[in-house]
Amino acid sequence: MTELISPLSARLSRITEPATIAMSKKARELAAQGVDVISLSLGEPDFQTPQYIKDAAKQAIDEGFTFYTPVPGIAELRQAICDKFARENDLHFQPNQIVVGTGAKQALANAVLSLVDPGDEVIVFSPYWVSYEEMVKLADGITVPVLGALENDYKVTAAQLEAAITPRTKLIMYSSPCNPTGAVFSKEELGEIAAVLARHPRIWAVADEIYEYINFVGEHYSLARFPEVAERVVTVNGFSKGYAMTGWRIGYLAARADVAAACDKLQSQFTSATCSITQRAGLAALRGGRASADEMVAAYRRRRDLVLGIVRDIPDLITPTPEGAFYIFPDVSAFLGRRTSEGVIINDVNELALYLLQDAHVAAVPGDAFGAPSCLRFSTASADEKLVEAFRRIKVSLGKLN
Ligand SMILES: Cc1ncc(COP(=O)(O)O)c(C=O)c1O
């Protein structure tokens with residue numbers, strides 16, 4: 001028999017599938033067997049895209065707006081993004097500093113691949129969004145996770161950042177509001193981080209602001225607002241979360257013109273521009289302002305409070321209060337090492353997530369995928385009744401472990 005030799009490149013074999021997607025696959029398999037699974041694993045708004053945005057897309061189709069567009073996006077959209085940055089973030093860009101792509105995900109990948117050389121270290125504020133680490137691997141960089149303390153709502157401090165910097169550090173990456181923790185950096189905290197970066201002129205930052213609108217505490221602050229580092233910040237944002245447009249595939253970055261040009265070049269060889277119709281939808285979204293987002297945010301806040309009310313009643317779960325996004329990220333370390341009613345020991349968060357899927361029929365994502373092996377992530381972007389039922393079941397299942 002001939003030996004099966006893998007044709008896959010070494011680069012690809014280093015990359016893993018996102019745990020979020022892997023978990024939702026498992027949940028779907030169980031649901032296909034007729035089990036009533038509640039999936040809280042994917043980070044996806046359960047709202048419809050607002051009607052005025054859909055209408056703009058229909059109009060684009062009817063007008064025959066169906067051709068290739070410039071790679072970094074149509075001029076009106078890039079201008080509208082500059083206007084949005086000026087109006088809402090006090091950031092002042094020219095359209096040649098904006099690159100629109102197929103989601104914030106592509107914008108992040110563009111930035112990482114444009115900035116990171118083999119062997120460069122990338123400090124990733126941890127817990128972090130699952131794809132950061134894999135993107136850094138794709139660029140042959142080295143991820144240096146820096147874990148924020150639970151007592152500080154998992155937010156990395158300037159002192160922690162300073163301690164992690166080496167002569168090989170090229171980039172820092174973080175999200176605020178944060179997926180998975182929901183933590184939001186204040187102006188003061190970001191100012192301290194900017195002060196560290198100001199002392200290290202070789203280091204760049206990727207600020208992932210995709211959850212900007214889903215913020216329960218007030219003003220969103222951008223790292224790029226600090227003049228001492230503004231030139232070295234790539235600000236990533238998009239439409240998926242704030243406008244409930246995950247399936248449309250559109251997001252963007254703003255960066256210094258040479259870095260934006262590099263991202264444009266990279267994107268021109270991989271995907272070209274995102275869909276022309278989607279771009280018209282994005283343009284309408286921005287022109288409509290953030291009123292539709294504000295309605296959704298009110299619902300996310302209500303659900304967060306609903307869920308916190310239940311989980312705070314579950315003994316031994318430690319759940320910081322998320323200030324934004326739509327997740328809760330409890331520390332579950334007290335349950336590790338306990339036994340199921342069948343006597344099986346739960347060794348780690350992966351086994352705990354599987355146990356909850358099998359026993360409570362609720363899908364969560366193990367925290368190790370986010371660099372936090374003592375946590376589980378649950379999305380709260382689901383209907384109230386589903387959330388109540390899911391956390392009722394979780395309480396029962398966790399209560400059976402001893
Ligand atoms: C922190 C963070 N950044 C980026 C993305 C990607 O967003 P998009 O769907 O616009 O590619 C997500 C999606 O889950 C996210 O949670």
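The values are calculated or read from the model by the stated rules, or taken from the named source; none is laboratory data. A quick note: this is a predicted structure, and the numbers were derived from the prediction, not measured. No Cβ is skipped: glycine too gets one built from the backbone with ideal geometry, and neighbour counts run over all protein chains shown. These area figures cover heavy atoms from the full protein model, side chains too; ligands, DNA and RNA do not enter into them. Shrake-Rupley method; radii C 1.70, N 1.55, O 1.52, S 1.80 Å.
Values for this structure:
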item	result
Search result, residues across region 228-242 that are assigned to a loop (DSSP other than H, G, I, E, B), farther than 21 Å from Ile74 by Cβ and within 16 Å of the ligand (Cβ to nearest atom)	Lys241
Residue in region 243-273 that is nearest to Pro72 (Cα to Cα), counting only those that are open to solvent by 10 Å² or more (accessible area, probe 1.4 Å) and within 14 Å of the ligand (Cβ to nearest atom)	Thr271
Single unsatisfied condition, Ala325 versus (1) within 30 Å of Asn350 (Cβ to Cβ); (2) open to solvent by 30 Å² or more (accessible area, probe 1.4 Å); (3) among the hydrophobic types (A, V, I, L, M, F, W, C)	(2)
Search result, residues across region 166-179 that are more than 15 Å from the ligand (Cβ to nearest atom) and touching a strand residue (DSSP E or B) at 6+ places or on another chain (Cβ under 7 Å)	Thr166, Arg168, Thr169, Lys170, Leu171
Subset of region 17-44 [of a type in the set (D, E, K, R), touching a residue at least 12 places away in the same chain (Cβ under 8 Å) and either within 25 Å of Met245 (Cβ to Cβ) or outside any helix (DSSP H, G or I) (or both)]	Asp36, Glu44
Residue match in region 94-113 (condition: in contact (Cβ under 8 Å) with a residue 60 or more places away in the chain, away from the ligand (no atom under 16 Å from the Cβ) and not polar (S, T, N, Q))	no
Given (1) in contact (Cβ under 8 Å) with a residue 60 or more places away in the chain; (2) polar (S, T, N, Q); (3) more than 24 Å from Gly34 (Cα to Cα), number of the condition Thr319 does not satisfy	(1)
Flag if Ala22 is surrounded by fewer than 17 Cβ atoms within 10 Å (Cβ to Cβ), more than 17 Å from Ala390 (Cα to Cα) and within 16 Å of the ligand (Cβ to nearest atom)	yes
Qualifying residue in region 114-121 (condition: touching a Leu at 6+ places or on another chain (Cβ under 7 Å), open to solvent by 10 Å² or more (accessible area, probe 1.4 Å) and either within 30 Å of Gly288 (Cα to Cα) or touching a residue at least 60 places away in the same chain (Cβ under 8 Å) (or both))	yes
Near pairs, Cβ below 7 angstrom, 6+ apart or cross-chain, from region 322-346 (over 10 Å from Leu401 (Cα atoms) and more than 16 Å from the ligand (Cβ to nearest atom)) to any residue that is open to solvent by less than 50 Å² (accessible area, probe 1.4 Å) and among the aliphatic types (A, V, I, L, M)	Pro330/Val311; Pro330/Leu317; Pro330/Leu376; Asp331/Leu150; Val332/Leu317; Val332/Val349; Val332/Leu352; Val332/Leu376
Residues satisfying the stated conditions in region 124-148, i.e. assigned to a strand (DSSP E or B) and either within 16 Å of the ligand (Cβ to nearest atom) or at positive phi (or both)	Val124, Phe125, Ser126, Thr143, Pro145
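Each row is one residue, and each column tells you yes or no for (1) out of contact with any Lys or Arg (no Cβ under 7 Å at 6 or more places or on another chain); (2) within 23 Å of Pro322 (Cβ to Cβ); (3) in the same structural domain as Ser114 (by TED's automatic domain parsing); (4) not hydrophobic (A, V, I, L, M, F, W, C).
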residue	(1), (2), (3), (4)
Ala198	yes, no, yes, no
Glu209	yes, yes, yes, yes
Phe216	no, yes, yes, no
Ala230	yes, no, yes, no
Tyr243	yes, yes, yes, yes
